[in-house]
1. Being charged (D, E, K, R), in contact (Cβ under 8 Å) with a residue 12 or more places away in the chain and assigned to a loop (DSSP other than H, G, I, E, B) is the filter here; which residues of region 51-71 pass it?
2. What number of residues within region 64-83 are among the polar types (S, T, N, Q) and surrounded by fewer than 12 Cβ atoms within 10 Å (Cβ to Cβ)?
3. Condition first: more than 12 Å from Tyr64 (Cβ to Cβ), within 19 Å of the chain's Cα centre (by Cα) and open to solvent by 20 Å² or more (accessible area, probe 1.4 Å). Now tell me which residues in region 10-24 satisfy that.
4. Go through region 54-63 and give me each residue that's open to solvent by 40 Å² or more (accessible area, probe 1.4 Å), more than 15 Å from the chain's Cα centre (by Cα) and closer than 17 Å to Tyr11 by Cα.
5. Give me the pairs: first residue in region 20-40 and within 16 Å of Ile107 (Cβ to Cβ), second residue modelled with pLDDT of 95 or more and of a type in the set (Gly, Ala, Ser), beta-carbon distance under 6 Å, and six or more apart or on different chains, which are they?
6. For residues that are within 15 Å of Leu67 (Cα to Cα) and either without any contact (Cβ under 8 Å) to a residue 24 or more places away in the chain or open to solvent by less than 70 Å² (accessible area, probe 1.4 Å) (or both), tally how many sit in region 101-124.
7. Step by step: first the residues of region 25-50, then only those that are part of a loop (DSSP other than H, G, I, E, B) and at pLDDT 85 or above, then the one that is most open to solvent (accessible area, probe 1.4 Å). Which residue is that?
8. Only one of Val16, Val87 is modelled with pLDDT of 90 or more, under 24 Å from Arg129 (Cα atoms) and either among the charged types (D, E, K, R) or touching a Lys or Arg at 6+ places or on another chain (Cβ under 7 Å) (or both). Can you tell me which?
Amino acid sequence: MRPEGPGLNDYLELEVHDLEVPVLTGIYSEETHLPQPLRISITVGLDCPAHFSPDTSLAASKNYLDLKRAATSALPAGVHFTLIEGVADHIAETLMLQDSRVQWAKIKIVKLAISENGEAIGMTLLRHRR
C-alpha cells in the first residue's frame, strides 16, 4: 500500500479475512427487514518497530481480535446502514480511533445474498489517517 524507497518507515499489515457477519443494510424493501450476510475482510497498515525479536510483546503490534471485533461486536446493534460503504466506513473509523498507530485501513465487503453464481459483488474502501 505504501510506496517503497529510502527514508520511509516500515509498517506492518495485519489481516482478518472472510468474516461472515449479518448486518442490517440495503436500500430495497426486501433488504431492510432482516440482516444480510456480508463477507468482510480487513487489512490495516500499522506503524511498527524496526525489529521484532522472539520476545517482542503484543504492545509492539495489535491484537488481531481487535480487527475482528470492529466488524462484529463494534457494529451498532439495530442500526440500518443504507449502503455497505457505511459499514466499511464505521469499521475503518473504529480501528483508527482504537489505535493511533493504524495509518490506513482497507475494508472489503461482499454482499453474499445477491450472488447468483458464486460471484463476489461488493466494494472496497481504503481509508488513510488524516
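The values are calculated or read from the model by the stated rules, or taken from the named source; none is laboratory data. All values reported here derive from a predicted model rather than from experimental measurement. Quick reminder, even Gly has a Cβ in these numbers, built from the backbone with ideal geometry, and neighbours come from all protein chains shown. All accessible areas refer to the heavy atoms of the entire protein, side chains included, with ligands and DNA or RNA removed. Shrake-Rupley method; radii C 1.70, N 1.55, O 1.52, S 1.80 Å.
1. Across region 51-71, the qualifying residue is only Lys62.
2. Result for region 64-83: 1.
3. Once the filter is applied, which keeps residues that are more than 12 Å from Tyr64 (Cβ to Cβ), within 19 Å of the chain's Cα centre (by Cα) and open to solvent by 20 Å² or more (accessible area, probe 1.4 Å), region 10-24 yields Tyr11, Asp18, Glu20, Pro22, Leu24.
4. Taking region 54-63 and keeping what is open to solvent by 40 Å² or more (accessible area, probe 1.4 Å), we get 54-59, 63.
Applying the additional criterion that residues be more than 15 Å from the chain's Cα centre (by Cα) yields 54-59.
Those that are open to solvent by 40 Å² or more (accessible area, probe 1.4 Å), more than 15 Å from the chain's Cα centre (by Cα) and closer than 17 Å to Tyr11 by Cα: Thr56, Ser57, Leu58, Ala59.
5. Val21/Ala71; Ile40/Ala71
6. Total satisfying the criteria: 7.
7. Leu34
8. Every option except Val16 fails the conditions.
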